[in-house]
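Notes follow once the structure below has been shown.
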Amino acid sequence: MKIFSYSLCIVFILIQTINGLYEDQIGKFDWRQQYIGKVKHAIFDSTGKKIVVGTEENTLALLHAGTGKIEWRHLLGSNTKSKITSLFLLSNGKVASISNIPTIVRVFDVSSGILQWEAAVAKDIQPVLCKWAVSKRDIISVEINPSRSGYDLVLTEYSSIGGTENVASTTELPWFTLGTNCQLVFPHLVCLHPQEDAVNIVDVRNSDSHQRIELQHLGITVGADQLVTLGVTKNFVSLRTTGTFSLYKITDEGLQRTSAEWPSETVLVSVPTVKDAEAQDQYMAALIKREKNYAVKIYDLEANQVLEDVSGDMKLPDHAGEPDLLSTFLMRKPNGELSYRYAISTTDDSLHYGSKKEVYWTREEALTSIVQVEMVDLPVSSIEASIEEEFGSDQALGGILGHTIKRLSSQFRQLLIVTQQLLAGQISLVRREAVGNNNKALERDRFGLHKLILILTRPGKLFAMDTLSGRIVWQRLLKNVNIDKVRLYVQRTSIHYPLEPQCTILAKSSTSNQAVLFVFHPITGEPAQFGSEGYVNLDYSVQQALLLPQNEETEYMKPLLLLDESAAPHVFPPTESAINHVVKMSNNLFMFVADTKSCVLRGYSLAKSTADHLASAAVWQLQLCSSSDSVEEEIVSIVSRHPEEKVFSQGRVLADRSVLYKYLNPNMVVVATAGTNHPHHRGYLNLYLIDVVSGAVVFSTSHRRVQPPYHVVYAENWIIYAYYNEKYRRTELSSLELFEGQTQSNSTAFSSFSAPQPLVDRQAYIYPSHITAMKDTVSEQGMTAKHILLGLSNGWIQEMPRAFLDPRRPVVAAATPEMREEGIMPYLPELPIPAEAIINYNQTISNIKSIYVTPSSLESTALVFACGLDIFFTHVTPSRTFDVLNDDFEYGFIALVLTGLTLASFITKRLAGKKSLRQAWK
Amino acid sequence: MALQSVLQCFIAVCLLSTPSKGELESDASSVIQLSHSLGSRPFEPRGQINVRSLKSGSVNIQQDSSYDWKDYKEAAEANEFYHLEAFVKYNGIERTFLTSTKACLLYESQLADIITIHVDLLGNIYGVSVATPHSQQCTGTVLEFEPNFNTTVLISYMEHGPVPDVAMYVQKVEQEKVAKERGETKDNRSFIAKYWMYIVPLVLVFMMSGASNPEQPAR
């Protein structure tokens, strides 16, 4: 009976917290976009209607050439080191992909994407070089392995039908040296050592066929410090020096130079796939860099001439980078003319497809490598702006008359705007229009659900996306910045109308170690009035940056405090008001820096700053990791609370009506270090709660025999972290909660220098799946319950109530009324994954890397953006939508009932009057 | 200038945490050299802490306050920091730590400070921090006192992280099973919670019957 009561209790709790999704809500406020990653291999199929691509994200996909849509997509393993090294189209409508680490050959059917066979190649020794090729029937691998006498070449053939392996031969390569670049043009292996001035060619089936050809004989003269690079395009090899580019066909006699003249500006060449099979190797396409754009030239190798009427220019958009992959397709139009299609991958990770006329479509694959995401508010609508202008401006046009004129002109403007919008059809008289309408203007809605997502990606490309539709509003490629470490800061939001919003990107310069700032307007993407086109070069390198609070004096701009290498602080923008703002609060201003490798944490105080000279002084220093030789340890994550998080309640009310006060230290951060103890190869995870103002270690704990991935979430007074338990082979979630106790030491202000020692509650739970990302939900006022969003390796995002991870869930006690009153469930070691808690229902998100949460203006609703290989956006309502009417709320019915009731009351009143009159006459 | 008085402070070793001292993987003795400074003055030696054994936590401290009462008063009034630098030597490893507190807090506690030595599970000292008893506030009313430190030395050990308590849960479930078989479980639910399945139909029946037999109009 007790178990029944438990389950009843749990069921009731579940009913309260889980938000499923109704069928008609699918796609209403969520959207998903699927991506493939930066394209490294692209091959047109024989019809030119499909493109087979292999990407850096270890994904094999088939794209529809007309639309750029994904026909099918396969993630080839989740190992991050694994890459697709080669991709071949086989003659029988199959595609072969070869991945390394571990080496696996896979053959797929092109049209259906079904895996035909796969073979894992086990290697005893890692080969020095491994090249792949296809012949008519087989897939061929050529490996060069070190041997006793030098280097050996091993040829292996796999039948393309069944994958049967056949080790053909081993030949010695006496001329091979380490560092030689080889290309396989089956059956020839062409090798070039960067320091030598000769090319070695060997027929891999015949060991006696080795030829050494001097570069001079190939018509190339190499200067003293010039390098010759070797490239391969299908059956041709290319040799490039700084000034020349030449292409060779390989025959048994050696290299035969194609007589076409290639300009030295040739960026890329490709052998086009041609629709009719006879003309297969007749043409050659080259991408040639011009001053502003590129030219695509088609060469007829048999006639030895450029087909000028076929060739054309190509203009890539400004925000595209340099091309680094070219794939072309040639077809004959009905009127006999040749025409080409190209697929070009550029350094900004985008893929462009087009013809002589135009670029037909572009895929923005940079969105698979997102570094940081910020969701910013949109500006107010024009009507609201005119109201703001009327009341917001305080310019004196005093007197009754002045105000009347102002009011009238403002109302006239509003009327104009409304008529304009009516004419343009922007205001629909029907109330409930479908969300996700692309034509919606970029202006703030009532509930703050319509925002702009600013996305910073690894290739240095910046995107702004509309939250309603997922449409890219603008994009920009950062120039001359080192993209290893970039941060995005929102200095001023759009709320402070008429002041313009401003965002800043902090990065390193690509040429020196110094920092560069890029300042821009987040809504339009236009660079702000700083430096040259928004780029501000700083003459120091930055080791830490901090956004300070804003106020009226700084014009609501959050000053960015930068700490340079010598720990001297700087302020951006360097205006007088911002510096005064910093000096005013400098007594309470502390910064800390952490070196992840040496684990040294150092805190600085800015108390000695004056308006002329900002100064910092070290106040504390810790060194976390072990310095023993047998241990390797480093900092894996440093997590602080969301800077704008609000805590609604100072404590928890217990069943006996006493209050357990939360330990709410705003200066505490969680530092996690992970190491391996070498004698036993056992991993461990240490977690430190450090007050970064005083440098005090509030609490520290350690887990033995654990492995990455580690994820830490820290909000209010609790910390939840995930790790993989090596001993029991399962993912575990640990939960810590800090309390001050039954009394609060100082209810008005918190000082880190006289802080109380907290009580720490802790509990661990088993999680039955693999976690790849973890984040807590945030609401505007902190009233809404907190949920934890867990990104799982199978592409789900689970929304887990924090109550499940409460460390105060009692192990021994039965479900007492006191516990029920407080809302604590009895302890269950394993956490559930109910299907209703999967917020992305059947929209699987491959390879989830991170989740970002932003509050909306509705207290109940938070906006969630998850990214990995795919990107997904949705709303979550952890305490359900308590502050909005349901979607299916019957406005018409309510109105009908109300009017009916009013009418009825009038009629009955009249009738009653008549009746009383009649009775009076009786 | 400063009052030179070497005093043997009382040794107080508190174990802040539950794990027994024996859980440290390696034990070591160590010497911690302390030097301190008020505000931006240069560092002056304060003394040293001898840790005989990290495991057992036996510690003694020798120190003298090189500063005068007035120095502390001035620093407290200027809202300066009191910096303490600790140079730690153990197992051939040398580490330097820095820690600070507000000078006024130290001044008003009459130099009663708490020095905490943080040790991780491998026996590494990863931090030394100074603090004052947390009830202190900077109020500014202190009589003159002898500038002698009254120091408490604490060693804070790292704790083992929580582990999912499967065994206890299984035991609990089994106990309940046994109790159920014996029929010992007592139903302590309220009356309505216990018999709602009988009450609800009854109420329904009453309501239905009331609705279907409207009152006959009285003649």
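No value in this document is a laboratory result; all are computed from the given coordinates. All of these numbers come straight from a predicted model, not from anything done at the bench. Please note: Cβ atoms are built from the backbone with ideal geometry, for glycine as well, and neighbour counts cover all protein chains shown.
Tell me which GluC sites (Glu not before Pro) from segment A:631-689 have a DSSP coil assignment and no more than 12 other beta carbons within 10 Å of their own. Walk me through the intermediate numbers first.
Details: sites: A:632, A:633, A:634, A:644, A:645; in loops: A:644, A:645.
Qualifying residues, ordered by number: A:644.
I need to check one value: relative contact order of chain A, counting alpha carbon pairs closer than 8 Å and at least 6 residues apart, in percent.
Values: 1941 pairs, mean separation 63.8, N = 922.
Over chain A, the number comes to 7 percent.
When you take every Cα atom in chain A, what is the radius of gyration, and what is Dmax, the widest Cα pair distance, in Å?
Gyration radius and largest Cα-Cα distance of chain A: 33.5, 134 Å.
Aspartates and glutamates within cross-link reach of residue A:608: Cα-Cα under 19 Å, excluding same-chain residues under 8 positions apart?
A:564, A:565, A:576, B:71, B:74, B:77, B:80
Compute the Cα gyration tensor for segment A:235-319, then decide on rounded, prolate or oblate, letting a ≥ b ≥ c be the square roots of its eigenvalues: rounded whenever a/c is under 1.5, prolate when a/b is larger than b/c in the other cases, and oblate in all that remain.
Judged from the Cα gyration tensor, segment A:235-319 comes out oblate (a/c at least 1.5, b/c at or above a/b).
Taking a ≥ b ≥ c as the square roots of the eigenvalues of the Cα gyration tensor of segment A:35-122, is the shape rounded (a/c under 1.5), prolate (a/b larger than b/c) or oblate?
Working: a/c = 2.05, a/b = 1.37, b/c = 1.50.
Oblate.
Summing Lys, Arg as +1 and Asp, Glu as -1, what charge do residues with Cβ under 11 Å from the Cβ of residue A:857 carry, residue A:857 excluded? Don't skip to the end; give the middle numbers.
Details: positive: A:444, A:446, A:451; negative: A:377, A:445, A:780, A:859, A:883.
In short, -2.
If I model a spin label as a point 7 Å beyond the Cα along the Cα-Cβ vector, how far apart are those points for residue A:884 and residue A:533 in nm?
Distance between the two pseudo-spin positions: 4.0 nm.
Report, as a whole number in µm² per second, the diffusion coefficient that Stokes-Einstein gives for segment B:30-157 at 25 °C and 0.890 mPa s using the Kirkwood radius over alpha carbon pairs. All intermediate terms of the calculation are to be shown ahead of the outcome.
Values: Rh = 15.0 Å.
Value of D from the Cα-based Kirkwood radius: 164 µm²/s.
Highest first, please rank the peptides A:303-314, A:861-872 by the mean number of other Cβ atoms sitting within 10 Å of their residues. Walk me through the intermediate numbers first.
On the way: A:303-314: 14.1, A:861-872: 23.7.
The densest-packed peptide leads the list: A:861-872, A:303-314.
Check which residues have an amide H placed less than 5 Å from residue A:824's amide H, if you skip close sequence neighbours.
Hits under the 5 Å cutoff: none.
As a test, work out the antiparallel percent of DSSP beta bridges whose residues both lie in segment B:30-157, rounded to the nearest 5.
Working: 38 of 46 bridges.
Antiparallel bridges: around 85 percent, rounded to the nearest 5.
Once the piece of chain linking residue A:337 and residue A:445 is laid out straight, how much longer is it, given 0.36 nm per residue of separation minus the C-alpha distance between them? Could you put the intermediate results ahead of the total?
Values: separation 108, 0.36 × 108 = 38.88 nm, distance 5.33 nm.
Contour length minus Cα-Cα distance gives 33.5 nm.
What's the average, rounded to a whole number, of partner chain beta-carbon atoms within 10 Å of each residue's beta-carbon in B:94-102?
Numbers: counts 1, 5, 3, 6, 8, 8, 11, 8, 5.
Taking the mean over all residues of the peptide, I get 6.
At 0.36 nm per residue, minus the direct Cα-Cα distance, what do residue A:568 and residue A:728 gain on full extension? Give it in nm, one decimal, please. It would help to have the intermediate numbers written out before the result.
Details: separation 160, 0.36 × 160 = 57.60 nm, distance 4.84 nm.
Length difference between fully extended and current span is 52.8 nm.
In whole Hz, what ³J(HN,Hα) sequence does segment A:523-540 give by Karplus (6.51, -1.76, 1.60; θ = phi - 60°), x for Gly and Pro?
Taking θ as phi minus 60°, the curve returns 7, 9, x, 6, x, 7, 7, 9, x, 9, 6, x, 8, 10, 8, 9, 9, 8 Hz for segment A:523-540.
Karplus couplings for segment A:558-574 from phi (6.51 cos²θ - 1.76 cosθ + 1.60, θ = phi - 60°), rounded to Hz, Gly and Pro as x?
Result, rounded to whole Hz: 7, x, 9, 9, 10, 10, 8, 4, 8, 6, 8, x, 9, 10, 10, x, x.
Compute the whole-percent fraction of alpha carbon pairs in segment A:772-922 spaced more than 25 Å apart. Kindly include the intermediate steps, with their values, before the conclusion.
Details: 6079 of 11325 pairs.
Value for segment A:772-922 (Cα pairs over 25 Å): 54 percent.
Ordered by packing density, taken as the mean number of other Cβ atoms within 10 Å over each peptide's residues, highest first, how do B:125-132, A:757-764 rank? The partial results should precede the final answer.
On the way: B:125-132: 25.4, A:757-764: 18.5.
For the peptides B:125-132, A:757-764, the packing ranking is B:125-132, A:757-764.
Around residue B:40, what is the net charge, scoring Lys/Arg as +1 and Asp/Glu as -1 over all other residues with Cβ under 10 Å from its Cβ? Intermediate results must be reported in sequence, preceding the final value.
On the way: positive: A:608, B:41; negative: B:80.
The answer is +1.
Quick one: which residues, 5 or more positions from residue A:380 or on another chain, have an amide H under 5 Å from its amide H? H modelled 1.01 Å from N in the peptide plane, none for Pro or chain starts.
When sequence neighbours closer than 5 places are left aside, the close amide H contacts are A:444.
Indicate the gyration tensor shape class of segment A:145-291 (rounded, prolate or oblate), computed on the Cα atoms with a ≥ b ≥ c the square roots of the eigenvalues: a/c under 1.5 is rounded; otherwise a/b larger than b/c is prolate and the rest oblate. Intermediate results must be reported in sequence, preceding the final value.
On the way: a/c = 2.21, a/b = 1.22, b/c = 1.81.
Oblate is the answer for segment A:145-291, as a/c is 1.5 or above yet b/c matches or exceeds a/b.
May I ask you to list the aspartates and glutamates whose Cα is less than 17 Å away from that of residue A:50, ignoring any residue fewer than eight positions away on the same chain?
Output for residue A:50: A:71, A:109, A:276.
Work from the charge dipole of the protein assembly as shown (Cβ charges, +1 for Lys and Arg, -1 for Asp and Glu, about the Cα centre) and give the residue of A:416, A:556, A:620 farthest towards its positive end.
A:416
Using the Cα atoms as the points, what is the convex hull volume per residue of segment A:604-742 in Å³?
On the way: hull volume 21.8 nm³, N = 139.
For segment A:604-742, the hull spanned by Cα atoms encloses 157 Å³ per residue.
Note down the magnitude of the dipole of the protein assembly as shown about its Cα centre, charges +1 on Lys and Arg C-beta and -1 on Asp and Glu C-beta and zero elsewhere, to the nearest 20 debye. Mind showing how you got there, number by number?
Details: 103 positive and 122 negative charges, 788 e Å.
Once rounded to the nearest 20, the dipole reads 3780 debye.
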